[in-house]
1. Given just the C-alpha atoms of the range B:32-172, how large is their convex hull per residue in cubic angstrom?
2. Find how much the distance from B:Val119 to B:Arg226 grows on full extension, using 0.36 nm per residue of separation minus their present alpha carbon separation; answer in nm with one decimal.
3. Please tell me the relative contact order of the range B:3-349 in percent, rounded to the nearest whole number, where contacts are Cα pairs under 8 Å and at least six residues apart.
4. Would you kindly derive the ³J(HN,Hα) couplings of the range B:120-134 from the backbone phi angles with the Karplus curve 6.51 cos²θ - 1.76 cosθ + 1.60 (θ = phi - 60°), listing them in order in whole Hz, with x for Gly and Pro?
5. Cut-off is 10 Å between beta-carbons; in what order do B:Phe147, A:Phe335, A:Phe311 appear when sorted fewest neighbours first?
6. Compute from the Cα atoms of the protein assembly as shown the Rg and the Dmax, the latter being the longest Cα-Cα distance, and quote both in angstrom.
7. Can you give the mean number of other chain Cβ atoms that lie within 10 Å of the Cβ atoms in peptide A:73-82?
8. Give the order of B:Ile76, B:Ile313, B:Ile323, B:Ile124 when sorted by the count of other beta carbons within 10 angstrom, beginning with the fewest.
Amino acid sequence: MTFAPKRVLALAAVAVTAALALTACADTGSSSPTSGSSGGSGNLSITFLPKNLGNPYFDTSAKGGQAAVAEFGGTFNQVGPAQASPDGQVSYINTATQQGVGALVVSANDPKAICDSLNQARSAGVKVVTFDSDTETSCRDIFVNQATSDGIAKVQVDLIAKQIGDSGEIAILSAAANATNQNAWIDKMKALLASDHPNIKLVDVVYGNDDDQTSFDKTAALLQAHPNLKGIISPTTVGIAAAARYLSTSAYKGKVALTGLGTPNQMRAYIKDGTVTSFALWNPEDLGYLAAYAAEALIKGEITGKQGDTFTAGKLGKFTVGADGTVLLGDPFVFDASNIDNFNF
Amino acid sequence: MTAPTTTATVRVVKNYDKPFWRRVLLSRETAIVVLLIAVAIVSASTVRGFNQPLTLTFLLLDVAPILLIALPMTLIMITGEIDLSVGSMVGLSSVTTGVLVQAGAPFGVAALAALLVGVIGGAINGFLVTVVGLPSLAVTIGTLALFRGLAVGLLGTTAVTSFPVEWTALAKAKIAGTAIPYIIVPFLVLLVIFALLLHFTPFGRGVYAIGLSKDAARFSGVHVERTKFVLFVLAGVVSAFAGIFYTLRFGSARGDNATGLELQVIAAVVLGGVSVFGGRGQLYGVIAAVLLIGTLSSALRLVNVTSDVINIITGTLLVLSVIGASVLAFLQSRRRRPAPTPTVAASAAS
C-alpha cells in the first residue's frame with residue numbers, strides 16, 4: 001500500500017498531541033485576558049450581537065447603538081453569524097468572553113441555547129443586555145423590550161379608529177391561527193374595541209399564515225365576503241404588506257383603510273401611493289440606542305438590573321427597570337408619509 | 001498485473017521509490033500540520049485574548065461535532081464516495097432526543113434511540129448506494145433533505161430545552177485540571193478505533209483499494225459493497241452521537257440544529273488531504289485541518305473579523321490547498337521522471 005502504517009500512526013498521534021499541547025501550553029503562560037474589565041466599572045467596550053448580520057432591521061438598531069456609544073465615549077463593535085442560528089451566536093459570545101468586553105448586547109436566536117455561554121460571559125465580568133428577543137431571565141442582566149402587548153394592541157386600534165371615523169365594520173388579517181404573539185394582541189384588541197369603541201364591529205379574523213400569497217388571497221376573500229368593510233388590521237409584517245399590495249391595485253384602494261404592524265421598506269410604496277395612511281412598529285434605532293445606554297449604566301454600576309433602578313439614556317430621557325429586569329422602550333412608533341423616509345429597514 | 005489495474009500499480013511504485021522522510025515532509029498532511037502550528041503560534045503571540053485556557057475549551061467544543069463526523073467521512077471519501085446527509089442526521093438525532101425527553105423518556109433511553117436512528121439513517125444511505133447502486137452524491141442529497149424534513153416536521157418551530165442538568169453539564173465539563181472538554185475523550189476513543197480500522201485491518205486496506213480502483217479491489221477479493229455499507233452506517237451513528245452532544249451543549253433540540261454542518265466537515269476533510277476522487281488521505285491530516293479551520297476562525301473572531309470574511313478566508317485556504325496539491329503532484333511527477341513514458345505519465349495524472 002501507499003503508506004507505512006505504524007510510522008504514520010505515530011506521526012498522527014504526535015501531530016495531534018503537539019497541536020493540542022501547543023495551544024494548551026500557550027494557555028498556562030499568560031495573564032488574565034479580562035484585565036481591566038473585571039469589576040465592571042470602566043470598560044466601555046460594547047459589542048452588539050444581533051440575530052444575524054446583513055439584516056436591515058439590525059443594521060438600524062446598530063446605528064442607534066453606535067450613536068449612543070459615541071455619545072458616552074465607549075468603543076462600539078458589531079459581530080454576528082451570517083445565518084440566524086443559536087450555535088453561531090454562541091461562538092461570538094465566547095469570543096466576547098475571551099476579549100473581556102465590557103458589555104454584550106444580544107438579540108437571542110434561542111431563549112435557552114445561548115444561556116450557558118451568556119452566563120459564562122457574565123461570570124467573567126461581561127454585562128449582558130438582551131434586546132428585541134429575550135433569553136430566559138436568568139441569563140442576562142437586563143432586557144430592553146421594544147413594546148408591550150398592551151401598547152401594540154392599543155396603537156393598532158387607535159390607528160384604525162382614527163382612519164375609519166370610529167365606526168363601521170373591520171376585520172383582522174393575522175399570521176398563523178396558533179401564533180402566540182398575534183393571538184395575545186388580538187384578544188387585547190377585542191377587549192379595547194368592546195370597551196372604548198362600541199361603534200366599531202369586528203366582523204372577521206382570517207389567517208394568512210405569514211405567507212405572502214395566502215395573505216394576499218385572504219385579503220381578496222375578506223373584501224368579497226364583507227362588502228361593508230371599512231378597515232383591516234394586520235398585526236404582522238407579512239400580512240400588512242400582502243394586503244397593501246392587493247388593495248393598491250383594487251377598487252378598494254383609498255376606500256378600505258389598512259393598518260397594523262409593518263416595516264418602512266415594505267410599506268413605503270403603499271404609503272406614497274395613498275393605500276395606507278399610517279402603520280405602527282417600534283423604532284429599532286431607538287431600541288439599539290436605549291440598549292447601549294442600558295449597557296453603559298450596568299458597566300458603570302449605576303444599575304444592577306433590579307426592579308426600580310433608574311438610568312438616563314441620552315436624548316430618550318430617563319428609564320426605570322421594571323419587573324424581571326425589563327426596560328420598556330415605550331409606545332410603538334407610528335410611521336406615516338411625514339417620517340417614513342427617515343427609515344431604512 | 002493485467003490492464004485494468006495499471007493505475008493502482010503505478011501509484012504504488014511511484015510512492016515507494018521515495019524515502020519515508022521525503023514522503024512525510026512533502027506531504028499535504030504535513031503542510032496542514034505545519035500551518036496549524038504556525039497559526040496557533042502567531043495567534044497566541046499576537047491576538048489579544050487568544051492566549052488563555054478558555055480559547056482551547058471553546059475551540060474544542062466548537063469543532064467537536066466536526067472532529068467526530070470527520071472520522072467516518074474521511075473513510076467514506078477515501079473510497080471515493082461522499083455523505084452529504086451528516087448535518088441533517090445531527091439535526092434528526094437532536095430532535096429525536098428532544099421529542100423523547102419531552103415525552104418523558106429518561107435521557108439515556110432517548111440518546112440510545114437517537115443512535116438507533118443514526119444506524120437506520122446510515123443503513124438507508126448504504127442500502128441505496130450499495131444494493132440499489134445509486135451514486136452517493138445523489139442519494140445523500142436526497143437524505144439530506146429527507147432527514148432535515150423529518151427533524152423540522154417532528155418539532156416544527158418549537159425547541160425542547162428540558163434536558164437533565166447533569167447531562168448538559170457533562171457536555172461542557174472539562175477534564176479535571178485541564179482546559180480540555182470531556183467530549184474529546186469519546187473522540188479520542190473513536191480516533192483510535194478508526195485509525196486501527198483504517199491502517200491495521202484488511203477492511204482498511206480495502207477502503208484505500210476501493211478508492212484507487214473499485215474493479216481492481218473487487219477482483220482482489222475486497223467486499224466493496226459491504227465495506228461501503230458499513231462506512232455509511234458508521235457515518236450515521238457517529239453523526240447521531242454528534243447530534244446528542246450538540247443537543248446537550250446548547251441545551252436545545254431544534255429541527256434546524258447543525259444546518260450546513262456537512263459542508264464544514266467535507267471542507268475540512270478535503271483540506272486535510274483526502275482526494276475527492278478517492279484512494280488518498282490520512283486521518284491526521286483531516287484532524288489537523290479541522291483544528292486549523294477552528295483555530296483560524298477563533299483568532300479571526302477575536303480580532304473582530306466578520307463571519308463573511310472568515311468564510312472568504314477559509315474558502316480561499318481550501319481552494320489554494322487543492323491547487324497547491326495538484327501543482328506539487330505535477331512538479332514531482334516531472335522531476336522524478338525526466339523521460340517518462342507516455343502511459344505512465346497519463347495514468348499517474350489520472
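1. Working: hull volume 20.6 nm³, N = 141.
It is 146 Å³ per residue.
2. Working: separation 107, 0.36 × 107 = 38.52 nm, distance 1.50 nm.
Taking B:Val119 through B:Arg226 to full extension adds about 37.0 nm, to one decimal.
3. Numbers: 517 pairs, mean separation 114.4, N = 347.
Dividing the mean separation by the residue count of the range B:3-349 yields 33 percent.
4. So the J values, rounded to whole Hz, are 5, x, x, 5, 4, 4, x, 4, 5, 7, 8, 7, 6, x, 8.
5. On the way: B:Phe147 28, A:Phe335 22, A:Phe311 19.
Fewest-to-most ranking of B:Phe147, A:Phe335, A:Phe311: A:Phe311, A:Phe335, B:Phe147.
6. Cα only, the protein assembly as shown: 29.4, 98 Å (Rg, Dmax).
7. Values: counts 0, 0, 0, 0, 1, 2, 5, 2, 2, 6.
So the per-residue partner count for this stretch is 2.
8. Details: B:Ile76 28, B:Ile313 15, B:Ile323 10, B:Ile124 20.
So the ranking, lowest neighbour count to highest, is B:Ile323, B:Ile313, B:Ile124, B:Ile76.
Readers should treat all values here as calculations from the given coordinates under stated rules, not as data from a laboratory. Just so you know, these numbers come straight off a predicted model, no measurement behind them. Ideal geometry is used to build each Cβ from the backbone, glycine not excepted, and the neighbour counts take in all protein chains shown.
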